[in-house]
Amino acid sequence: MAVLEQAVGLAATAGSHFHLQVTGGEPTLVPALNSQILASRERSLDSCAVLNFYGKFRLWEGFLTFSMDNIFDEEVQVSGDLTEDATNRYAYYEVGRLFKAGYEIDF
């Protein structure tokens, strides 16, 4: 049975089944969650909480990166003036859910 080895510490065997084993070294998948909380905002803008996801996967010489901002597609007011005595009440909104992908190389 042939055994294939790669530089990132993966070993795979060819045959009637496929076996993948991750060994020591640098992690292959790096996930992260973060949040933005906007509270007690000026000019009567709404408070909100946004959850974001980011991950990167080891691929060849770098990392395949991917992220999703605003996972639950919350409506976020970026700027504006919604006070009662404003002569012109307005609000600008952030883009909703946003997907991003890329490739990162460190040198």
Give me the number: length gained by fully extending GLU42 to ASP106, i.e. 0.36 nm times residue separation minus the C-alpha to C-alpha distance, one decimal in nm. 19.0 nm
Using a basic spin-label model with each label point 7 Å from the Cα along Cα→Cβ, how many nm lie between TYR90 and VAL30? 4.1
Could you give me the ³J(HN,Hα) list for the stretch 84-89, computed from phi with Karplus coefficients 6.51, -1.76, 1.60 and θ = phi - 60°, whole Hz, x at Gly and Pro? 4, 8, 6, 6, 9, 8
Report the local net charge at GLY55: Lys and Arg +1, Asp and Glu -1, summed over other residues whose C-beta lies under 12 Å from its C-beta. +2
Cα gyration tensor shape of the stretch 26-104, rounded if a/c is under 1.5, else prolate or oblate by comparing a/b with b/c: prolate
Estimated inter-spin distance, TRP60 and PHE72, nm [label 7 Å along Cα→Cβ]: 3.9
Name the residues whose placed amide hydrogens come within less than 5 Å of the amide hydrogen of LEU45, ignoring near sequence neighbours (fewer than 5 apart) on the same chain. LEU82
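Bear in mind these aren't lab numbers, they're just calculated from the coordinates by the rules spelled out. Keep in mind the model is a prediction, meaning the values are calculated, not measured. Cβ coordinates were reconstructed from backbone atoms using ideal geometry, including for glycine residues, and neighbour counts include every protein chain displayed.
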